[in-house]
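The values are calculated or read from the model by the stated rules, or taken from the named source; none is laboratory data. The shown structure was predicted, so the numbers you read here are calculated from the model rather than taken from an experiment. Here the Cβ is made from the backbone with ideal geometry for all residues, glycine too, and neighbour counts use every protein chain on show.
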Amino acid sequence: MVKRYRSRFILFWLRGDAAFADPDVYECCKSERVTYFIRLPADAMLNRLIDPYLTRPAGRPPTSGIQIRLVDLRYQAQTWERECRVVAKIEWHDGELFPRIGFVVTNSKLPAGKVVKVYNGRGDVENRIKEGKNTLRWDKTSCRRFAANQARLLMGVLAYNLLHMLRQFYLMGEEVKRSVEWLIKRLIKVGAKVAYHGRRWHVHVASAFPLARHYRAVLG
C-alpha cells in the first residue's frame with residue numbers, strides 16, 4: 001500500500017494497537033519512511049522506568065478530575081535490535097487509588113503530548129468505522145462480483161461523508177454530538193414531499209416539523 005500511494009502522498013502515519021507492537025513492523029516502517037504510533041504492552045522494565053514518576057502530582061486537580069503526566073523514555077526490549085522512543089501517559093483520576101498507565105512506541109519527533117494525541121485519534125477512527133458499518137451496512141458485500149461489492153461500499157462511504165458533513169457543519173448549538181443514526185432517523189427517514197420544477201428541487205415537510213431549522217440550514 002505504501003509503495004502504491006507513495007507518489008500521491010508524502011506523509012505516512014501508522015497508528016496501531018498492541019497487536020502491531022512487533023520489531024519487524026518497526027523495521028518495515030523505518031525502511032519505508034513511515035512514522036508509526038503503536039501502543040506498547042507494559043512489562044517489568046517499562047514499569048521500572050516509570051516508577052520515579054508515579055507520585056501523584058501536588059495541587060488541586062483540574063475540573064475534569066484527571067491529572068496527566070507525560071514521560072519520554074528510551075526503551076529496548078530483548079528482542080529489539082535497537083532502542084526506541086516510548087511515550088508514557090500516566091493518568092490520576094479523581095477517586096481512584098492507582099494511576100492508569102499507557103505506553104506508545106514511536107519513531108516520531110513530535111512532542112510527547114502530540115504523540116499521544118495522534119495515537120488517540122485511532123480510537124475515533126474506529127468509532128467512525130463502526131458507525132458506518134452499523135448504520136449504512138458497509139459490510140453488506142454479498143454480491144458475487146467484486147465490482148458490485150466495491151460500488152456498494154463506495155456508495156455507503158459517500159453517503160456517510162455527506163451525513164458527517166451535515167453533522168459537522170450544520171448541527172450547530174447542539175448539546176451533544178449527534179450520531180449518524182440520529183440524522184438518518186430524524187432528517188432522512190421523515191415524511192416529506194419532493195417536487196421538481198425547472199432547475200429547483202423543493203422538499204416540503206410539515207410546518208410543525210420540530211427539526212425544520214436543520215433543513216433550512218442545509219437547503220437554504
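Every residue in segment 1-44 that is assigned to a strand (DSSP E or B) and either on the phi > 0 side of the Ramachandran plot or polar (S, T, N, Q) (or both), please. Matches in segment 1-44: THR35 only. Of the strands (runs of 3 or more DSSP E) lying entirely inside segment 93-211, those containing at least 2 residues that are modelled with pLDDT of 85 or more span 100-106, 193-197. Take the conditions more than 19 Å from GLY102 (Cβ to Cβ) and out of contact with any Ser or Thr (no Cβ under 9 Å at 6 or more places or on another chain) and apply them to ARG33. Does it pass? Against the criterion (more than 19 Å from GLY102 (Cβ to Cβ) and out of contact with any Ser or Thr (no Cβ under 9 Å at 6 or more places or on another chain)), ARG33 qualifies.
Residue-by-condition table, conditions (1) touching a helix residue (DSSP H, G or I) at 6+ places or on another chain (Cβ under 8 Å); (2) hydroxyl-bearing (Ser, Thr, Tyr); (3) at pLDDT 90 or above:
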{"position": "GLY59", "(1), (2), (3)": "no, no, no"}
{"position": "VAL71", "(1), (2), (3)": "yes, no, yes"}
{"position": "ALA77", "(1), (2), (3)": "yes, no, no"}
{"position": "GLU91", "(1), (2), (3)": "no, no, yes"}
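For ALA58, state whether it is in a loop (DSSP other than H, G, I, E, B) and either among the small types (Gly, Ala, Ser) or at negative phi (or both). So ALA58 passes the test.
Can you tell me which residues in segment 56-74 are under 21 Å from HIS93 (Cβ atoms) and either surrounded by 11 or more Cβ atoms within 10 Å (Cβ to Cβ) or not assigned by TED's automatic domain parsing to the domain that holds ALA88 (or both)? Selection gives ARG56, PRO57, PRO61, GLY65, ILE66, GLN67, ILE68, ARG69, LEU70, VAL71.
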